[in-house]
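Please treat every number below as a calculation from the coordinates, not as lab data. Computed from a predicted structure; not experimentally measured. With ideal geometry, Cβ positions are generated from the backbone for all residues, glycine too; neighbour counts draw on all protein chains shown.
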Amino acid sequence: MSDEFRGKTAIVTGGGTGIGRAISVALAKRGAAVAVIYSQSEQEALETRESITGSGGRAIALKADVADDSAVQVMTRAVADAFDGIDYLINNAGITRQLRFDDLDAISDDIWDSLVAVNVKGTFHCCRSAAPYLRKRPGSAIVNIGSIAGETGYGSSLPYAVSKSAVHGLTKALARALAPAIRVNCVAPGAVATRWWAGNEEKMRMLAGSLALQRVSTPEDIAETALMLLKAESMTGQVIKVENGQTL
């Protein structure tokens, strides 16, 4: 435990699993009060909350579909009321669809709509709703979780790569719109050992061999970069690639 974020409050969307869980736990270990936001993964979010409170930290778990603007507004108010304000927002909630990349006919409007609604509009909903609270706190910051797919144009599916590229662009636009009160940055992870890789461990090992550092990131690796960006007072509008040299 450390006091680096003592007295701070953070919202972490998609906070119950994978990267979101690692960020939630890392913030709590450093003294922050954490709102673990989930949409589908209730059990995992409750487990994350219990892990934090069982270690002496402060956390709540709240359900909110980030694609639903009204639900996001209710969630944000609840967090501000529970913890007397908001200092940080980490937009980690996201979805994908595994599709053959060159099969354009498989990409229906429903797939586009669902990925854009969560990954892009959901990120915007959370930023817009949290901004009035963040403006009241000196040193406030937003960190969006993008993807290296948004830089390379290649990932689990074409709509996913495009949606994450939009998150990177949204990061830059919001950095201008919310300056100077709120800093907005983005982490673009490469391959990360989360449940998305379940059943594809051999493919993950093959991928690691082609990376300069010959490793696949852990959720904790991404969390450390996200926390660095929360504290980096001279950085805004930046997309930081954490991908073990994939795009070197």
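Structure notes:
- Condition met for ALA181 (surrounded by fewer than 22 Cβ atoms within 10 Å (Cβ to Cβ), free of Cβ contacts under 8 Å to residues at least 60 places away in the same chain and part of a helix (DSSP H, G or I)): no
- Residue match in the range 132-145 (condition: outside any strand (DSSP E or B) and within 15 Å of the chain's Cα centre (by Cα)): no
- Selection status of ALA106, among the hydrophobic types (A, V, I, L, M, F, W, C) and more than 22 Å from TYR38 (Cα to Cα): yes
- In the set (1) within 22 Å of PHE5 (Cα to Cα); (2) part of a loop (DSSP other than H, G, I, E, B); (3) within 15 Å of the chain's Cα centre (by Cα), GLY94 fails one condition alone, (1).
- THR48 being part of a helix (DSSP H, G or I) and free of Cβ contacts under 8 Å to residues at least 12 places away in the same chain: no
- For ALA59: the one exception among (1) closer than 17 Å to CYS127 by Cα; (2) surrounded by 22 or more Cβ atoms within 10 Å (Cβ to Cβ): (1)
- Whenever a residue of the range 228-248 is under 20 Å from ILE90 (Cβ atoms), its partners that are part of a helix (DSSP H, G or I) and not hydroxyl-bearing (Ser, Thr, Tyr), lying with C-beta atoms within less than 6 angstrom and at least six residues away or across chains, give the pairs THR236/ALA175; GLY237/LYS172; GLY237/ALA175; VAL239/HIS168; VAL242/ILE222.
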